[in-house]
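Contents: one structure, followed by commentary.
The values are calculated or read from the model by the stated rules, or taken from the named source; none is laboratory data. Computed from a prediction, not measured in an experiment: that's the story for all the values here. A quick note on method: Cβ atoms are made from the backbone with ideal geometry, for glycine too, and the neighbour counts reach across all protein chains shown. Note: areas computed on protein heavy atoms with side chains; ligands, DNA, RNA excluded. Shrake-Rupley method; radii C 1.70, N 1.55, O 1.52, S 1.80 Å.
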Protein chains: 2
Amino acid sequence: MVQRIGLAHGEGGELTHQLIQDVFVKSFGHGVQTKLDSAILPGMIENMAVTTDSFVVNPIFFPGGNIGKLAITGTVNDLAVCGAIPRFITAGFILEEGFPVNDLKKIVQSMAEEAERAGVHIIAGDTKVVEKGSADGLFINTTGIGELREAPCPNPEEMKKRDAVIISGTLGDHGVSILSARNELGLMTDVTSDCASLNHLIQELTDEIRGIRIMRDPTRGGLATTLVEICEDFQVTIELEEDCIPIRKDVQGACDILGFDPLYLANEGKIVLIVDSSLADRALTILRQHVFGRDAEVIGQVSSLESGKLLLKTPFGTTRRLQRLSGMLLPRIC
Amino acid sequence: MVQRIGLAHGEGGELTHQLIQDVFVKSFGHGVQTKLDSAILPGMIENMAVTTDSFVVNPIFFPGGNIGKLAITGTVNDLAVCGAIPRFITAGFILEEGFPVNDLKKIVQSMAEEAERAGVHIIAGDTKVVEKGSADGLFINTTGIGELREAPCPNPEEMKKRDAVIISGTLGDHGVSILSARNELGLMTDVTSDCASLNHLIQELTDEIRGIRIMRDPTRGGLATTLVEICEDFQVTIELEEDCIPIRKDVQGACDILGFDPLYLANEGKIVLIVDSSLADRALTILRQHVFGRDAEVIGQVSSLESGKLLLKTPFGTTRRLQRLSGMLLPRIC
């Protein structure tokens, strides 16, 4: 048993999974979804979905966004992928003594703008300040409340062989933009973060396509970790075609130089969905009409309804099994 | 205009008020209650109340509780004082690399226990980890969702002259317990934090007493700041009788030595309420039957429906005006 928290406990991979199982699920029990991400609340307050996330991204400003925009898009997307219409967001700020008020205003302003774009209302907030050195600038927690749509929610129980796996665009843009903004590695690219609210795109999709099995936003841990979780949770095997996975050339180049695998890098404006194979073309068409889905591709399929593995077919004809992100990749990516 | 965040911006007093007005209300607009505390949501998702809070208390463990228990009680009480039945809580954790897993388990366990006592469900969570030195141990954000009761909510619009101001127990216990736990000032007392979930107590009260004008939990900024806000928001003048305000002898002693005023110290298990004067005795009886209300007292009255001032009548027959907490008192009290 691990005794102390390591950075890798926050990366959304294997160690995060263990920590959640070992600490939170044990105490909070079945009330908490094991993924501890969005909770769907049947009962008293009808048809509500709830999600919470803390944002600790470093640096706070990066190409394509900042911690505030990211907090809104991340929360909106968490709700949207579980089939809810995002309605309300709360925002809790932890500020380090000495943080520039002008930076705070910029961040808060971009939260307000992104909330307006997404059509959500910021309804409650809180501010705490800690001494210089007790936090790194600014952390934000956002909790989102959404309303489950009347249209059928994604239903993973209906997954079947040959269902298509679709990604809405290029992978790894957010991860590489953060790396580039850190400038720690002497790497400068013009890659910007893909962070965007996808709820309108997702609503168009779910309005039209009634055979969506599951949708997820592949953030921390990347596409590979997200799909490994789906394979394990529903005991299906998914085969990805490496050749079909859209990755920007400069993202791939940066990854090659730095030794990262774009399948494990965080995305903040992408969804991966599994749909009935007969609806894959229609789904692609809808996605590609949208600015945030124009690079959508079918990247693989459900190849079997057993054994719960994620497989990658390489261009050389070989197949390898992908695991959850394990250990350290990029701390504080979101 | 202030350029950088100071610790006093987090103390719940005048500077917090200015920061909220200047930064958050400007960007988030009217959707946000100016107090930015609980939001009551009419409309789509009916009769829901929502609150969010970040907890950064230092030290994490203190006599009578820890940061986890405090997060639950604080969130439960925020919902209960606005007339809602607390139902669901989300929890976001920001952990410093190296934080002991055993401490995390203890904290999470006391959250689970306190949630059970209060009858709320912890439904979603999130964990982020930052590098050693980028946070101080552990911060928790909790967001609570409650259901507005059918019984009439407190209605501040009905406030009238001679309405009674009641406090549910002794003031300053939480503040002094934190001071004592810090041991910075060479002060050791056996005062324990009053942190407790008051929702059951509040439910009994609101079931019986139909003339409650307003209820608040006097946390950061203490009783004085809470009442100043009520006086300003509703333009009433309140007169407190200093002699009637219940304060433990050891709390008063610690305050005398250290130069703190218990009226400004944080409480985490107290409510202040304003009720029709004819119902004050009945309210006291109900409160005193409850373990968390046994030291309840009438401490003053609404003396006029104008000018929005909080006044304190001293035992010497003089009267002085109390203001919002201004500047630094005790950072990281919750």
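Which count do you get for residues in the range A:194-238 that are at positive phi and among the aliphatic types (A, V, I, L, M)?
Count: 0.
If I filter the range B:300-320 for residues that are open to solvent by less than 10 Å² (accessible area, probe 1.4 Å), assigned to a strand (DSSP E or B), in the same structural domain as B:GLU229 (by TED's automatic domain parsing) and touching a Gly at 6+ places or on another chain (Cβ under 6 Å), do I get at least one hit?
Looking for residues that are open to solvent by less than 10 Å² (accessible area, probe 1.4 Å), assigned to a strand (DSSP E or B), in the same structural domain as B:GLU229 (by TED's automatic domain parsing) and touching a Gly at 6+ places or on another chain (Cβ under 6 Å), one finds none in the range B:300-320, hence no.
Being more than 7 Å from every other protein chain (Cβ to nearest Cβ), open to solvent by 10 Å² or more (accessible area, probe 1.4 Å) and acidic (Asp, Glu) is the requirement here; does B:GLU113 meet it?
Against the criterion (more than 7 Å from every other protein chain (Cβ to nearest Cβ), open to solvent by 10 Å² or more (accessible area, probe 1.4 Å) and acidic (Asp, Glu)), B:GLU113 qualifies.
Quick one: is A:THR142 open to solvent by less than 10 Å² (accessible area, probe 1.4 Å), part of a strand (DSSP E or B) and within 22 Å of A:ASN77 (Cα to Cα)?
Yes, satisfied.
Going by what's in this entry, would B:PRO331 be described as outside any strand (DSSP E or B), assigned by TED's automatic domain parsing to the domain that holds B:GLN235 and in contact (Cβ under 8 Å) with a residue 40 or more places away in the chain?
Values: outside any strand (DSSP E or B): yes; assigned by TED's automatic domain parsing to the domain that holds B:GLN235: no; in contact (Cβ under 8 Å) with a residue 40 or more places away in the chain: yes.
It is false that B:PRO331 is outside any strand (DSSP E or B), assigned by TED's automatic domain parsing to the domain that holds B:GLN235 and in contact (Cβ under 8 Å) with a residue 40 or more places away in the chain.
So, in the range B:92-119, how many residues would count as being touching a residue at least 60 places away in the same chain (Cβ under 8 Å) and assigned to a loop (DSSP other than H, G, I, E, B)? Even if it seems obvious, please write down each step before you answer.
Kept after step one, since they are touching a residue at least 60 places away in the same chain (Cβ under 8 Å), are these residues of the range B:92-119: B:114, B:117-119.
Of the ones still in play, those that are also assigned to a loop (DSSP other than H, G, I, E, B) are B:119.
Counting residues in the range B:92-119 that are touching a residue at least 60 places away in the same chain (Cβ under 8 Å) and assigned to a loop (DSSP other than H, G, I, E, B) gives 1.
Scan the range B:280-299 for residues that are in contact with a helix residue (DSSP H, G or I) (Cβ under 6 Å, 6 or more places away or on another chain) and either modelled with pLDDT under 95 or assigned to a loop (DSSP other than H, G, I, E, B) (or both) and jot them down.
Selection gives B:HIS290, B:ARG294, B:ALA296.
Suppose the filter is in contact (Cβ under 8 Å) with a residue 12 or more places away in the chain, open to solvent by 60 Å² or more (accessible area, probe 1.4 Å) and touching a strand residue (DSSP E or B) at 6+ places or on another chain (Cβ under 9 Å); does A:ARG294 pass it? First the steps, then the outcome.
Numbers: in contact (Cβ under 8 Å) with a residue 12 or more places away in the chain: yes; open to solvent by 60 Å² or more (accessible area, probe 1.4 Å): yes; touching a strand residue (DSSP E or B) at 6+ places or on another chain (Cβ under 9 Å): no.
Against the criterion (in contact (Cβ under 8 Å) with a residue 12 or more places away in the chain, open to solvent by 60 Å² or more (accessible area, probe 1.4 Å) and touching a strand residue (DSSP E or B) at 6+ places or on another chain (Cβ under 9 Å)), A:ARG294 does not qualify.
Within the range A:116-129, work out how many residues are more than 20 Å from A:ILE145 (Cβ to Cβ) and either buried (at least 24 other Cβ atoms within 10 Å of the Cβ) or of a type in the set (D, E, K, R) (or both). Let's see the steps before the verdict.
At the first step, the residues of the range A:116-129 found to be more than 20 Å from A:ILE145 (Cβ to Cβ) are A:127-129.
So of that shortlist, the ones also either buried (at least 24 other Cβ atoms within 10 Å of the Cβ) or of a type in the set (D, E, K, R) (or both) come out as A:128-129.
Adding up the residues that qualify gives 2.
Quick one: which residue in B:ILE67, B:ILE85, B:ILE60, B:ILE72 is at the interface with another protein chain (Cβ under 10 Å from one of its Cβ atoms), out of contact with any His (no Cβ under 7 Å at 6 or more places or on another chain) and among the aliphatic types (A, V, I, L, M)?
Details: B:ILE67 fails: at the interface with another protein chain (Cβ under 10 Å from one of its Cβ atoms); B:ILE60 fails: at the interface with another protein chain (Cβ under 10 Å from one of its Cβ atoms); B:ILE72 fails: at the interface with another protein chain (Cβ under 10 Å from one of its Cβ atoms).
Just a single option satisfies the conditions, and that option is B:ILE85.
Within the range B:170-279, considering only helices (runs of 4 or more DSSP H) that don't extend past its boundaries, which have at least 2 residues that are open to solvent by 50 Å² or more (accessible area, probe 1.4 Å) and either hydrophobic (A, V, I, L, M, F, W, C) or not assigned by TED's automatic domain parsing to the domain that holds B:VAL81 (or both)?
B:199-208, B:222-234, B:249-258
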